[in-house]
Amino acid sequence: MLTPLLDYFDVESRPMTAIGWTRSRSAAILRRLTAGDTLTHEALDDETNRPAAGFLRALLVFTEVLPPRNSELDDTIAWLAHRLRSLQPQNQMIVRRYAVWHVLRRANRRPHRPATRQHARQRLLLATRLMSWLESEGDQLSNLSQETFDRWLATGPPARAEIRDFVRWARRQGLVGGLLVPLRRHRRPSEFLSTDQRWATLRRCTVDVTLPLNLRVAGALLLLFALGPTALVTIRIEQIVRRGDHVELLVGRTPIQLPEALADLVLQQRQAAELTNTRWLFPGKNPGRHVDPNSLAVRIKQRLDLGVRPSRNAALAHLAKELPVPVLADYLGLAHSTAAQWAELVEHQWTEYISLRRDGNSATAAGNPAWFE
């Protein structure tokens, strides 16, 4: 049954690697589960050491000792259980009902992408945080007033407005009164990386060999083509294609021809990824899995001093100025309405720039990071 694990560790060629792994916490979990004949996904869900259990699960699925789960959402209940332990039993039951009968049921009807699970978990976290806050206030959901609810909304980030989904569900279940949740206003993008910093960091990504290769590639693709962490980590190596003397990347409907310096880096990253026996361009620590998008965002910030949002906004604005809307949408896989909104934003910014120049305020315009080259 476990013979594929021996092949994975290549015991004959690298015996010390296999011996080292047998001393790990993942191996300890494996010994315990096999001794009890309970080597299942459900048993792994119950493990308290989640990183070790996660690595073991990925390893067993990758080597086909365990079958893949039906959905990336299958571990969400176990993930939620660890976050509900601090809540009172009745509140645990409410959030669990919300998860099983509403959030996950709806998510399972949609195409499964990394963003699907992330979106579901964000909603469950919001519900958990609201219930935890009510307990700290000595209150409960059935008594929640509009005034108290507004106070919770006002003392947190704008994303708390997404609690609307939980409130609507709770109202249908008769768990809460007629609370009103204000709509979250989607403002025009306001955070932009300056042109100088964008090009300086892009140059650093292409020439600084002291940086990890995967960060150089990720940073360059973010700065040039506005590919955020989720889009980056879900690139498969077959999306990188060499055609004659150039290299193409397919993320939308039309291949993107990569600049020569970036093409060399991407091919190096593809070669490194192929050595891990995975299909992801950015493989993670767990066998067969890509790197976590949140972890990648953190490393981009730490090593390249880049915020994802301002970097992506600056790249999208530059592309929207250079490319027609249909071409932009096809290259990046954007909805045409999204591409049109960016084109409209850039045109609006350019009109304001011309107006400022006419009024003799060019210095002010040039110093504003919202102005693009």
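The values are calculated or read from the model by the stated rules, or taken from the named source; none is laboratory data. The shown structure was predicted, so the numbers you read here are calculated from the model rather than taken from an experiment. All Cβ positions, even for glycine, are placed from backbone atoms using ideal geometry, and neighbour counts span all protein chains on display. Heads up: the accessible areas ignore ligands, DNA and RNA and are worked out on the full protein's heavy atoms, side chains in. Shrake-Rupley method; radii C 1.70, N 1.55, O 1.52, S 1.80 Å.
The table that follows gives values for the structure above.
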{"item": "Estimated inter-spin distance, residue 97 and residue 208, nm [label 7 Å along Cα→Cβ]", "result": "5.3"}
{"item": "Ranking by accessible area, most exposed first, for 183, 33 with a 1.4 Å probe", "result": "183, 33"}
{"item": "Inter-probe distance in nm under a simple model that places probes 7 Å from Cα toward Cβ, at residue 133 and residue 88", "result": "1.8"}
{"item": "Rg to Rh quotient for the stretch 141-271, alpha carbon positions, Kirkwood Rh", "result": "1.22"}
{"item": "Estimated FRET transfer efficiency (residue 25, residue 195; beta-carbon r; R0 35 Å; 0.05)", "result": "0.15"}
{"item": "Stretchable slack from residue 242 to residue 119, in nm (0.36 nm times residue separation minus alpha-carbon distance)", "result": "40.8 nm"}
{"item": "Added length on full extension, which subtracts the Cα-Cα distance from 0.36 nm per residue, residue 50 to residue 77", "result": "8.4 nm"}
{"item": "Spin-label pair residue 275/residue 336, simplified geometry with 7 Å Cα→Cβ offset, distance in nm", "result": "4.6"}
{"item": "Residue 344-residue 161 FRET efficiency (beta carbon distance; Förster radius 22 Å; 0.05 resolution)", "result": "0.35"}
{"item": "Segment residue 298-residue 250, length gained on full extension (0.36 nm per residue, minus Cα span)", "result": "14.8 nm"}
{"item": "Which label in [x] 21.8; [y] 18.7; [z] 24.2 gives the computed mean projected area of the Cα convex hull in nm²", "result": "[z]"}
